[in-house]
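Report on one structure; see the data block that follows.
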Amino acid sequence: MSMDREPAAPRVIVVGEPLIALLATGSAPLADVESFSRHVAGAEANVAVGLARLGHAVLFVGRVGDDGFGLAIVRRLRGEGVDVSGLVVDPERRTGLLVRERRVLGPSEVLYHRAGSAGSALGPGEVDAVADGFPDADWLHVTGITPALSETAHAAVVRAMDLARANDVRISFDVNLRRRLWSDEQAAERLQPLALRADLVFGDPDELAVVAGVEATADGLEAARVLVAGGAGSVVVKQGQAGATLITGNESVGSAAIPVSGIVDPVGAGDAFCAGYLAAVLDGKESETALRWANGCAAAVLSVEGDLTGLPTREELARVVAGAEAGPDTLR
Ligand code: KDG
């Protein structure tokens, strides 16, 4: 069963596994947490919503379970204006779930309940079902999470890239290395060929080093250059508080991060960054502007709980970027 019969012509196609995230409401080790808030999450869903809020037409391709969580995802994505005609409701498998504690110090524990999920059963068939949408699309966005989920999910990403290539649709690939899903060796083997086929690769220095097969450096520039030399069109290195750098051929363009006082929830900021960057590129903006929008979207998400809650509209993004230019105090 697929949702919505007559999709509007999509400009961006996003493929991946939407999830429900249960986030601890207080700061404590997971064993002591008794209440959670429920959020729609998943890196690709976050990017889809980010693009939709910035005014772009997005078609989402994936699977959710025929359960209340799946329905919550469908409703949320549809409510955000994302075309869910490529989101299949699986009658047998459950919607993927993650549980995350919150800690003031140190990394937060994340538990996945996604092995055998509806989303991980994604396959090339779901991509073929929306093949008609590719000739009208401008962009395909995929991540390195989906190929880790299953053989069929990996094949779905490859099929989407094949269809994009055949239809002159540009491709972005966010590495999103998830060490809870696989080893660095497995990730490198599967993700490197995908990164080298992409027009635009996003990743932090550590992720890019794994995919490029080089030693990690603090700025990630060497790994980015290796990927560009290998065939990737451009690489945007997400450097956290140091900002971001775009590497294209021999050129590099840098942009400072927007400082946020009082980070509420860092998760989802990387996806917001991608959405801001892609929205600007789709609008025909220069790289400097794309990096500014990317950093602005990331800052907006850092200051709000939940992966996609803080994703800005165009007006909100304009205010964040203008505030950053006026001085950090205006961002509080
Ligand atoms: O980027 C945010 C994601 O990490 C989160 O929404 C969950 O997709 C997710 C994942 O696989 O960790």
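Please identify, among PRO18, PRO312, PRO266, the residue showing maximal mean-square fluctuation in a Gaussian network model of the chain using a 10 angstrom Cα cutoff.
PRO266
Springs between alpha-carbon pairs under 10 angstrom, Gaussian network model over the chain: which of ASP271, ASP219, ASP283 fluctuates most?
ASP283
Along Cα→Cβ, 7 Å out, is where each label goes; now give me the distance between the ones at ALA256 and ALA322 in nm to one decimal.
For the pair ALA256/ALA322, the computed spacing is 2.0 nm.
All other residues with a Cβ under 15 Å from the Cβ of ARG93 taken together, and with Lys, Arg as +1 and Asp, Glu as -1, what is their net charge? Intermediate results must be reported in sequence, preceding the final value.
On the way: positive: ARG63, ARG94, ARG114; negative: GLU17, ASP66, ASP67, ASP90, GLU92, GLU126.
Charge balance in the 15 Å sphere: -3.
Picking from SER303, SER117, SER35, which is most flexible by a Gaussian network model of the chain using Cα springs under 10 Å?
It is SER35.
Treat each spin label as a single point 7 Å out from the Cα along the C-beta direction, and report the THR248 to SER183 distance in nm.
Between THR248 and SER183, the simple spin-label model gives 3.8 nm.
Suppose all protein chains stay in the model; what accessible area per residue would a 1.4 Å probe give for the chain, in Å²?
Numbers: 13710 Å² over 332 residues.
That works out to 41 Å² for each residue.
Report, for the stretch 24-159, the % of DSSP beta bridges that are antiparallel, rounded to 5. If you can, show how the numbers build up before the last one.
Working: 6 of 12 bridges.
Close to 50 percent.
Antiparallel DSSP bridges in the chain: what percent, to the nearest 5? Show your work: numbers first, answer last.
Values: 21 of 50 bridges.
If I count the DSSP bridges inside the chain, around 40 percent turn out antiparallel.
Please figure out what share of the DSSP beta bridges in the stretch 109-236 is antiparallel and state it in percent, rounded to the nearest 5. Could the numbers behind the result be given before it?
Working: 0 of 11 bridges.
Counting only bridges with both partners in the stretch 109-236, antiparallel ones make up about 0 percent.
Multiply the residue gap between THR152 and ASP128 by 0.36 nm, knock off their C-alpha separation, and tell me the result in nm, one decimal place.
Values: separation 24, 0.36 × 24 = 8.64 nm, distance 1.29 nm.
My answer for the length gained is 7.3 nm.
On full extension of the chain, what length is gained from ASP32 through ALA115, given 0.36 nm per residue of separation minus the C-alpha to C-alpha distance? Working shown, then result.
Values: separation 83, 0.36 × 83 = 29.88 nm, distance 2.47 nm.
Answer, rounded to one decimal: 27.4 nm.
Would you rank ASP168, ASP206 by solvent-accessible area, highest first, keeping every protein chain in place and using a 1.4 Å probe?
Working: ASP168 140, ASP206 65 Å².
Highest to lowest solvent-accessible surface, that is ASP168, ASP206.
Please list, short to long, the whole-number percent of alpha-carbon pairs of the chain in consecutive 20 angstrom bins beginning at zero.
Result, from short to long distances: 34, 61, 5 percent.
With a ≥ b ≥ c the root eigenvalues of the C-alpha gyration tensor of the stretch 150-219, is it rounded (a/c under 1.5), prolate (a/b larger than b/c) or oblate?
Judged from the Cα gyration tensor, the stretch 150-219 comes out oblate (a/c at least 1.5, b/c at or above a/b).
Sort 138-149, 154-165 by packing, meaning the average of other beta carbons within 10 Å per residue, with the highest value first. Kindly include the intermediate steps, with their values, before the conclusion.
Details: 138-149: 24.7, 154-165: 20.5.
By packing density, highest mean first, the sequence is 138-149, 154-165.
Calculate one ³J(HN,Hα) per residue across the stretch 225-239 by plugging θ = phi - 60° into the Karplus curve 6.51 cos²θ - 1.76 cosθ + 1.60, and present them in order as whole Hz with x for glycine and proline.
Rounded to whole hertz, the list is 5, 5, 5, 5, 5, x, x, 5, x, 9, 10, 9, 8, 8, 9.
The values are calculated or read from the model by the stated rules, or taken from the named source; none is laboratory data. Please read all numbers here as calculations on a predicted model, not as lab measurements. No Cβ is skipped: glycine too gets one built from the backbone with ideal geometry, and neighbour counts run over all protein chains shown. Keep in mind that these areas ignore ligands, DNA and RNA; they rest on the heavy atoms of the full protein, side chains included. Shrake-Rupley method; radii C 1.70, N 1.55, O 1.52, S 1.80 Å.
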